[in-house]
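The values are calculated or read from the model by the stated rules, or taken from the named source; none is laboratory data. None of the values given here were measured: they were computed from a predicted structure. Because the Cβ atoms are built from the backbone with ideal geometry, glycine has one as well, and the counts that use them run over all protein chains shown.
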Amino acid sequence: MTDETKSESAARPPDRPEMPKTGKRSILTMIIIGFSVIVVGGYTALAVTQRELGGADKDEIPGSVRSSPGGYRSYSYWHSGYHGGK
Amino acid sequence: MKTACPNCGADVEFRYDDSFVRICTYCRNAVQRTDRGVETLGKVADLVPLDSPLRLFADGQLGSQSFILVGMAQVRHGAGGITQEWYAKFSDSWGWLAEAQGRYYMTFEVEGAKLPDIDTLSPGEKVELPTMLGATRTFTVSEIGTATYMGVNGELPFKLVPDSTYHFADLSDGEGNFATIDYGDTSEEPTLYVGQQCTLADLQIRGGEPVMPGSRDATGTSKRLACPNCNAPIELRVPDQSLRAACGHCNHLLDVNAGALAVIGKLSHKATARIPLGTKGTFAEGEMTVVGYMVRDAQIEGTDYPFEEYLLYKPELGYRWLVQSDGHWSYVQPIAVGAVEQLGDECRYEGVKLKLFQTAPLRVYSVLGEFYWKVQAGEQSFGNDFVAPPAMISKESTGNEENWSLCTYMKVADVEKAFGDKFQSLSTPVGVAPNQPDPTRGVATPLTLAFVLLLVLGIVFSSLASPTTAYEKTVAIPGGVPVTPEVTATNPDPVPSNVFFSEPFQLVSGKNVEIGFHASLSNNWAYVVASIVNTATGEVYTIDGSMEYYSGIDDGESWSEGSEVARDVIGPVAEGAYVLRLEMQQGGGMDAPLAVRVRQGVFRGGILGWALLVLGIPFLIFGIYTYTFERRRWTNSSEGPSGAPKTALTIVVAAVVVVLSGIVLILKAFAESSSDD
């Protein structure tokens, strides 16, 4: 008998069953993969663009205020436009 | 060559020049030819009718080489089974084709091999043996035993003495290669036969003559007999291979000898199979018939843990098992000895590492149906189970034999489906089976990878961050009530004393902006509203910061709470000149210094923390689930819960459990010590 006979006749030897596969990815696994991608991707996007979630209040001082005496230092603008404080 | 039988004078024809023995078809004497003529070796026994797809003088093919089956012998195994040995004439050599329980092994004699003494061999031992091509392979001993020649037919390439018994060792390398060492009666030099296990399809058998008149084809013909004890009908579904049968009516164990039954004795326990004998089921390897059923138990620390085994049969395939334990099912296939590498408390098969789960003596409790070995109640073996769900590899050892098998987990619904939904609610699984897959098994890897990736990204972004300071100033937060100067002609828009406007400073685009505060406070609070104003466009971004810091000494111990610092971060703004406006308050009567700093391109550890938290919640939930699932599995193991394989999830959860347990213990200790006081 030669090696040729052996290779031709024995693809998978008998009594050597295949190990069972763990099966296809479950829906739960797919959800977790998607979730992980969103979290890691979202963090990367925020870190690269340096954007903030939420963040500062944004406003704009009207041109009329800026061109008036005092400009953006105008007390009346800040006084009427801001109601903060503790 | 034609000659006359020395016993009866009938014509005996040796068709092949290199055959030694021919069976006289008239008087069934074994006629041997020598250089001195012919002589008889004695009368051979009648052949036992066995189902076989092999036939005398059938042509076959192994790879590119053809052969003819010119002779055969029936051999009774020391344990009782009958196997057939066929002699295959190739163009320049002889092959030995062994046929046992639907398996075929074609081997060839290897001359001049140095072989170990039979007394030095034991099942599971590794032996280096030469092959046909002169190379050396490692084989594992699967069985050491004896066998006796029974019926013979055709022409034989060696001197076969009727009724002679020989000793042998069977070996396998797990790659399909097979070896037998024939030790004869142990007084002769042993002979090595090496070859491979084949399928019927590999052999391409065609033509030939029936071995004996009336012999049957391999059609799995069943045989209906009467129980010699109670006369109840017993159907033998594999009459030519079964050695034992148990009568379901009178519960007697019967010996099966060439299809004939004889009473051995009454079984002490009656077996009741939920899946009746004769039921056909379709599994991964095709349709199989339930031919036997037994209840066995694993004896662990004085307790018996029973499990059921259904013996399945398919003529072209041989035997398989369907095992049920605690309501969990496994489909069991045999594995060639040598295919599994055992390393201490682990084994490796097909590149997969399996962990030792259990070692226990196994005992046959009750039997029903027919079996291919001489089963008896109370029969003992020793089992080792290795797991890597959904697979479990079992090793069963007796004194002179070692068997390995692959057990694949099956859901109850799949078992019911295999039997065509004839049986509803076959069982209700209890606990976690050794080879039951964790339903969340696919979750751990992506979660762990994502967690690690996040940490790596955090480290990378942190090390790449190079914050630059755009503005820095220390101002005073006035104490008391803020004062607003009077409006005058020269100062039409006065700035209150608690408001500060900076000089313009430059901010670049594409980088975040951090505004940080540090107030020097002593049992005081401060609150700042900060706005940066783009002097060109008038765009305003406003944040605020709150700080409070209190400290003191109570009962001789100093304490402090709060923080003097605050910070907030704004996303990237348009490039240009900006002014910082601060509107400040504090609770003290004296001025409080406030350091303010505007930086760009700062690392946002908070966002990383949130991302880790968001990912950490499912990580922890699934980790706890996996941890408890594995703990339930390994609690039933002889290795104990600590034997469970470690994963990132289970390590994290185990750490949490240890920390929480430690806290509980400390709290308990405190509670006990205070109650003692």
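Please tell me if B:V367 is within 14 Å of chain A (Cβ to nearest Cβ), more than 14 Å from B:T398 (Cβ to Cβ) and of a type in the set (A, V, I, L, M).
no
What is the residue count in the range B:252-269 for residues that are exposed (fewer than 14 other Cβ atoms within 10 Å of the Cβ) and at pLDDT 85 or above?
5
Output the number of the condition that B:M150 fails; it satisfies all remaining conditions of (1) modelled with pLDDT under 90; (2) part of a loop (DSSP other than H, G, I, E, B); (3) crowded, with 16+ Cβ neighbours inside 10 Å.
Status for B:M150: all satisfied but (2).
If you check B:V340 against the conditions, is it in contact with a Cys (Cβ under 8 Å, 6 or more places away or on another chain) and modelled with pLDDT under 95?
yes
Take the residues of the range B:529-574 that are in a loop (DSSP other than H, G, I, E, B) and away from every other protein chain (no Cβ under 14 Å): which is surrounded by the most Cβ atoms within 10 Å (Cβ to Cβ)?
B:E564
Can you find a residue that is within 12 Å of another protein chain (Cβ to nearest Cβ), under 36 Å from the mean Cα position of the chain (by Cα), touching a residue at least 12 places away in the same chain (Cβ under 8 Å) and surrounded by 17 or more Cβ atoms within 10 Å (Cβ to Cβ) anywhere in the range B:126-134?
For the range B:126-134, residues within 12 Å of another protein chain (Cβ to nearest Cβ), under 36 Å from the mean Cα position of the chain (by Cα), touching a residue at least 12 places away in the same chain (Cβ under 8 Å) and surrounded by 17 or more Cβ atoms within 10 Å (Cβ to Cβ): present.
Looking at B:D163, B:D173, which one is within 30 Å of the chain's Cα centre (by Cα) and touching a residue at least 40 places away in the same chain (Cβ under 8 Å)?
Result: B:D173 is the single residue among B:D163, B:D173 that is within 30 Å of the chain's Cα centre (by Cα) and touching a residue at least 40 places away in the same chain (Cβ under 8 Å).
Can you tell me which residue in the range B:473-498 is surrounded by the fewest Cβ atoms within 10 Å (Cβ to Cβ), limited to those that are at pLDDT below 90 and of a type in the set (G, A, S)?
B:A489
Considering only residues that are among the β-branched types (V, I, T), within 22 Å of B:S19 (Cβ to Cβ) and more than 11 Å from chain A (Cβ to nearest Cβ), which ones fall in the range B:77-109?
Residue satisfying the conditions is B:T83 alone.
Would you check which residues across the range A:1-43 are at pLDDT 80 or above, hydroxyl-bearing (S, T, Y) and touching a helix residue (DSSP H, G or I) at 6+ places or on another chain (Cβ under 6 Å) and list them?
Those that are at pLDDT 80 or above, hydroxyl-bearing (S, T, Y) and touching a helix residue (DSSP H, G or I) at 6+ places or on another chain (Cβ under 6 Å): A:S36, A:Y43.
Yes or no: B:V337 hydrophobic (A, V, I, L, M, F, W, C), crowded, with 22+ Cβ neighbours inside 10 Å and assigned to a loop (DSSP other than H, G, I, E, B)?
Spelling it out, B:V337 is indeed hydrophobic (A, V, I, L, M, F, W, C), crowded, with 22+ Cβ neighbours inside 10 Å and assigned to a loop (DSSP other than H, G, I, E, B).
Of all the strands (runs of 3 or more DSSP E) wholly in the range B:1-58, which have at least 3 residues that are over 30 Å from B:A201 (Cα atoms) and of a type outside the set (D, E, K, R)?
B:29-34, B:37-43
I need a count of the residues in the range A:10-43 that are at positive phi and more than 7 Å from every other protein chain (Cβ to nearest Cβ).
Number satisfying all stated conditions: 1.
Among (1) more than 21 Å from B:Y319 (Cα to Cα); (2) assigned to a strand (DSSP E or B); (3) at pLDDT 90 or above; (4) more than 14 Å from chain A (Cβ to nearest Cβ), which single condition is B:L225 missing?
Evaluating B:L225 over (1) more than 21 Å from B:Y319 (Cα to Cα); (2) assigned to a strand (DSSP E or B); (3) at pLDDT 90 or above; (4) more than 14 Å from chain A (Cβ to nearest Cβ) leaves (3) as the failure.
From B:A450, B:A470, which residue is among the aliphatic types (A, V, I, L, M), in contact with a Lys or Arg (Cβ under 7 Å, 6 or more places away or on another chain) and surrounded by 13 or more Cβ atoms within 10 Å (Cβ to Cβ)?
B:A470
Between a residue in the range B:17-31 that is touching a residue at least 40 places away in the same chain (Cβ under 8 Å) and any residue that is among the hydroxyl-bearing types (S, T, Y) and surrounded by 13 or more Cβ atoms within 10 Å (Cβ to Cβ), which pairs come within a Cβ distance under 7 Å, given they are 6 or more apart or on different chains?
Here the result reads B:A30/B:T40, each pair linking the range B:17-31 to a residue that is among the hydroxyl-bearing types (S, T, Y) and surrounded by 13 or more Cβ atoms within 10 Å (Cβ to Cβ).
Out of B:E128, B:E175, report the one residue that is acidic (D, E) and under 19 Å from B:T199 (Cβ atoms).
B:E175
Can you name every residue in the range B:313-340 that is away from chain A (no Cβ under 14 Å) and of a type outside the set (D, E)?
B:Y313, B:P315, B:L322, B:V323, B:Q324, B:S325, B:G327, B:H328
Test B:M106 against the criterion of being crowded, with 19+ Cβ neighbours inside 10 Å and more than 23 Å from B:K314 (Cβ to Cβ), and give yes or no.
The answer is no for B:M106.
Would you check which residues across the range B:599-643 are β-branched (V, I, T) and not in a helix (DSSP H, G or I) and list them?
Selection gives B:V602 alone.
List the number of the failed condition for B:V295; all other conditions in (1) assigned to a strand (DSSP E or B); (2) buried (at least 22 other Cβ atoms within 10 Å of the Cβ); (3) of a type in the set (V, I, T) hold.
Just one mismatch for B:V295, condition (2).
Between B:A79, B:A88, B:A45, B:A98, which is under 26 Å from B:A339 (Cβ atoms) and at pLDDT below 85?
Every option except B:A79 fails the conditions.
Looking at the range B:1-33 only, could you name the residues that are at pLDDT below 80 and more than 53 Å from the chain's Cα centre (by Cα)?
Listed by number, the list holds a single entry, B:M1.
What tally of residues in the range B:471-501 results from selecting those that are within 11 Å of chain A (Cβ to nearest Cβ) and within 22 Å of B:M547 (Cβ to Cβ)?
Selection size over the range B:471-501: 6.
Hey, among the residues in the range A:44-68 that are aliphatic (A, V, I, L, M) and either under 25 Å from the mean Cα position of the chain (by Cα) or part of a helix (DSSP H, G or I) (or both), which one's farthest from the other protein chains (Cβ to nearest Cβ)?
A:A45
Does the range B:575-611 hold any residues that are within 60 Å of the chain's Cα centre (by Cα), facing chain A (nearest Cβ under 7 Å) and among the β-branched types (V, I, T), and which are they?
Answer for the range B:575-611, where residues must be within 60 Å of the chain's Cα centre (by Cα), facing chain A (nearest Cβ under 7 Å) and among the β-branched types (V, I, T): just B:I607.
Taking the range B:235-250 on its own, how many of its residues are modelled with pLDDT of 90 or more and either more than 16 Å from B:G81 (Cβ to Cβ) or among the hydroxyl-bearing types (S, T, Y) (or both)?
Summing the residues that are modelled with pLDDT of 90 or more and either more than 16 Å from B:G81 (Cβ to Cβ) or among the hydroxyl-bearing types (S, T, Y) (or both) in the range B:235-250 gives 3.
Take the residues in the range B:268-324 that are small (G, A, S) and closer than 22 Å to B:I335 by Cβ; name whichever of them is nearest to the chain's Cα centre (by Cα).
If we take residues in the range B:268-324 being small (G, A, S) and closer than 22 Å to B:I335 by Cβ, then B:A284 is nearest to the chain's Cα centre (by Cα).
Got a sec? Which of B:T408, B:T468 is within 30 Å of B:N534 (Cα to Cα), within 14 Å of chain A (Cβ to nearest Cβ) and of a type in the set (S, T, Y)?
B:T468
Failed condition for B:F505, given (1) within 18 Å of A:R73 (Cβ to Cβ); (2) buried (at least 18 other Cβ atoms within 10 Å of the Cβ), with all others met?
Unmet condition: (2).
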